[in-house]
Amino acid sequence: MTKKWWHDKVAYQIYPKSFKDTNGDGIGDLRGIISKLDYIKDLGVDIIWLSPIYKSPFVDQGYDISDYYAIAEEFGTMEEFDELLAEAKKRDMYIIMDLVINHCSDQHVWFQKALADPEGEYADYFYFRKGKNGNPPSNYRSYFGGNCWEPVPGTDKYYLHMFAKEQPDLNWENPKVRQELYSMVNWWLDKGLAGFRIDAIINIKKNLDFPDFEPDGPDGLASCCKMVDSVDGVGEFLEDLKNHTFKKYDAFTVGEVFNMKEGELDQFIGEEGHFSTMFDFSAHCLSEGEHGWYDAPPVDFKEWRQTIINSQREVEKVGFEANIIENHDEPRGVSRFLPEYARNTDGTKMLGTVNILLRGIPFIYQGQEIGMQNAEWNSIDEFNDINTKDQYATARKAGLSDAEALAACTRMSRDNARTPMQWSSEENAGFTTGKPWLKVNANYKTINVETEEKDENSVLNYYRKLTALRKSPEYKEVFTYGVFEPEYEDTETVMAYYRFNGDTRVLIAANFGTEPIDLKLRYPVKNILLSNKETIPNGETLRIESLGTVVLECVCV
């Protein structure tokens with residue numbers, strides 16, 4: 001494997017709207033990010049991923065871009081962005097941005113020109129199609145609910161939107177569209193950007209026949225995923241994108257990839273793959289409901305453990321994946337992956353240890369490092385997220401009561417990850433002096449950066465130790481390139497694995513159970529590198545307390 005500059009890095013995702021507000025308008029901004037660069041650096045972070053900061057109407061929180069070359073006024077100015085780039089560079093950190101090119105905003109000049117002349121050049125920047133017998137061209141349900149086809153005013157045509165109706169899909173079959181997008185990508189890379197997180201990219205390849213599919217819900221529609229699954233050839237677009245942009249700059253790229261077909265992993269993240277890496281969502285898929293959030297199952301420990309093991313083994317043959325516990329599109333990992341008895345400091349450290357030391361690129365989401373959890377929501381009106389409101393409506397239509405539908409959204413809403421960053425126990429968690437755009441989690445009085453900075457046993461200081469261990473000169477090689485080997489798979493409550501490389505072998509073990517457990521050691525212990533509870537190996541036996549986690553260097557034999 002050819003070693004790349006990003007292989008041994010730790011990444012941190014910032015959701016700018018909820019990170020730090022410096023002007024009192026209740027919305028996080030670029031100046032707030034600049035003010036916290038030292039905090040991020042102290043966490044051991046090398047790469048910062050910014051969720052969208054482009055000009056946008058914010059129907060989908062910035063994933064509906066109206067101008068790819070402009071910074072949203074809510075966040076600041078292009079001058080401040082340039083300052084952010086410069087300040088990050090001073091600290092040997094890299095900035096990557098979200099790249100949203102499956103769709104744009106209906107306020108983008110291209111779409112406005114298309115509406116003004118539905119037979120003109122810009123209509124072909126999108127998918128304008130005639131309806132069938134007075135109905136939309138096909139029976140696809142969008143990711144956010146409702147039909148994927150929206151009428152073009154004053155015509156018998158419809159336009160395709162796989163997300164919200166305000167997010168028309170771009171026509172990647174049109175070479176003019178591709179060239180416009182490539183020029184934009186290169187413009188940002190020329191500014192000094194280190195790369196991109198590529199949003200929803202698998203959707204760019206459409207079945208141009210737009211055939212109907214068997215309905216899979218009471219609305220008579222079929223998930224638009226079925227259309228995506230039915231077509232081949234997205235790799236040709238992705239290679240074209242890479243060769244015209246990323247490859248020329250040795251840029252770091254991380255793909256948001258769902259619906260990948262069997263056997264395609266090497267094409268996506270292999271030595272000559274479309275992307276540097278892509279997120280591993282395999283564990284997150286365990287809590288997907290058949291019909292929506294309302295029937296989403298809880299995560300089973302053994303299934304979760306096996307899923308991670310399977311993913312690590314598969315990816316190891318090919319390249320690197322990006323490992324996450326949570327992000328802006330998911331509920332908080334502590335609330336999702338841990339049973340109620342483990343949603344505390346020890347359990348949070350345990351979950352972080354298992355994730356950060358896996359093979360792959362660790363991505364920490366803002367607030368994860370202090371153990372932020374899901375919020376308590378009292379009404380659907382408290383939510384801002386468009387997807388949450390759709391899921392609430394879906395649950396109610398399925399016969400659930402208001403309380404039951406609200407409980408489902410409380411468990412699964414994306415807004416759980418979007419509540420403001422908890423900096424202190426002051427009003428609004430120190431996020432803003434104004435009214436925050438989304439409510440602050442009520443637990444900010446105890447879970448916040450300022451409080452945890454002062455506690456040497458806090459989750460924050462433990463995360464700092466984790467990243468320091470991963471990047472230490474003695475162990476960086478084994479945690480970056482070392483083989484992954486599972487251990488204690490026959491136990492009921494232990495998630496454990498070795499990382500070994502050459503003459504270095506490290507055991508990572510965590511007890512998710514409510515009782516202590518004694519484990520037989522396969523290799524003698526040389527050093528205890530890290531633990532969240534007192535753990536003393538006794539000859540050939542290792543006792544791990546409930547919610548205990550330990551990192552041991554073993555004799556390599």
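The values are calculated or read from the model by the stated rules, or taken from the named source; none is laboratory data. Computed from a predicted model, the values in this text were never measured in an experiment. Counting neighbours? That spans all protein chains shown, and the Cβs are built from the backbone with ideal geometry, glycine included. Ligands, DNA and RNA are stripped out before the accessible areas are found, and what is left, the full protein with its side chains, is counted by its heavy atoms. Shrake-Rupley method; radii C 1.70, N 1.55, O 1.52, S 1.80 Å.
Descriptive notes on the structure:
- Peptide packing for 487-495, 413-421 was compared via the average number of neighbouring C-beta atoms within 10 Å per residue; ordered from the highest value, the list is 413-421, 487-495.
- Projected area, mean over directions - the stretch 92-210, Cα convex hull, nm²: 8.2
- When the charge dipole of the stretch 64-132 is built from unit charges on Cβ atoms (+1 for Lys and Arg, -1 for Asp and Glu) and taken about the Cα centre, the candidate among ALA116, TYR69, ALA88 whose Cα reaches farthest toward its positive end is ALA116.
- Listed residue (TRP149, LEU406, ILE364) projecting farthest to the positive dipole end of the chain, Cβ model: ILE364
- Normalised by the number of residues in the stretch 398-445, the average gap of Cα pairs under 8 Å and 6 or more apart makes the relative contact order 29 percent.
- Carbon + sulfur, % of accessible area of the chain - ligands and nucleic acids excluded, 1.4 Å: 46
- Comparing ILE202, GLY24, SER230 along the charge dipole axis of the chain, the residue lying farthest to the positive side is GLY24, per the Cβ-charge model.
- Its Cα gyration tensor gives the stretch 193-297 an equivalent ellipsoid. The semi-axes, each the square root of 5 times an eigenvalue, are 29, 18, 11 Å from largest down.
- Cα-only Debye scattering, the stretch 332-480: base-10 log of I(q)/I(0) at q = 0.08, 0.13 Å⁻¹: -0.27, -0.67
- Sorted peptide list for 396-406, 233-243, criterion being average Cβ within 10 angstrom, highest first: 233-243, 396-406
- Whole-percent P(r), the stretch 236-277, all Cα pairs, 10 Å bins from 0: 29, 61, 11.
- The share of Cα pairs per 10 Å bin across the chain, counted from zero up to the longest distance, runs 3, 17, 28, 28, 17, 6, 1, 0, 0 percent.
- For the peptides 162-171, 474-483, 86-95, the ranking by packing is 162-171, 474-483, 86-95, with the highest mean count of neighbouring Cβ atoms within 10 Å listed first.
- Set of aspartates and glutamates with alpha-carbon distance to LYS206 below 12 Å, sequence-local pairs under 8 removed: ASP169, GLU173, ASP229, ASP232
- Only beta bridges with both residues in the chain are counted; by DSSP, about 60 percent of them are antiparallel.
- Computed from point charges on the beta carbon alone (+1 for Lys and Arg, -1 for Asp and Glu), the dipole magnitude for the chain about its Cα centre is near 860 Debye.
- Computed from the alpha carbon positions, the gyration tensor of the stretch 298-414 leads to an equivalent ellipsoid with semi-axes of 29, 16, 14 Å, biggest first.
- In straight-distance terms, cross-link reach from LYS302 covers every one of the lysines whose alpha-carbon lies under 26 Å from its own, apart from those fewer than eight places away in the same chain; here that gives LYS261, LYS317, LYS349, LYS520, LYS533.
- Heavy-atom accessible area per residue - the chain, 1.4 Å, Å²: 39
- The stretch 17-35 and the stretch 142-190 have Cα centres separated by 30 Å.
- Compared with the dominant principal axis of the Cα atoms in the chain, helix 459-471 is inclined by about 90°.
- The stretch 48-78 and the stretch 416-485: distance between their alpha carbon centers, rounded to Å: 25
- For the stretch 462-557: relative contact order, % (alpha-carbon pairs under 8 angstrom, 6 or more apart): 25
- Rounded to the nearest 20 debye, the dipole size of the stretch 36-104 about its Cα centre is 200 debye, using +1 on the Cβ of Lys and Arg and -1 on the Cβ of Asp and Glu.
- Percent of C-alpha pairs per 5 Å bin in the stretch 329-386, short distances first: 4, 16, 25, 22, 15, 10, 6, 2, 0.
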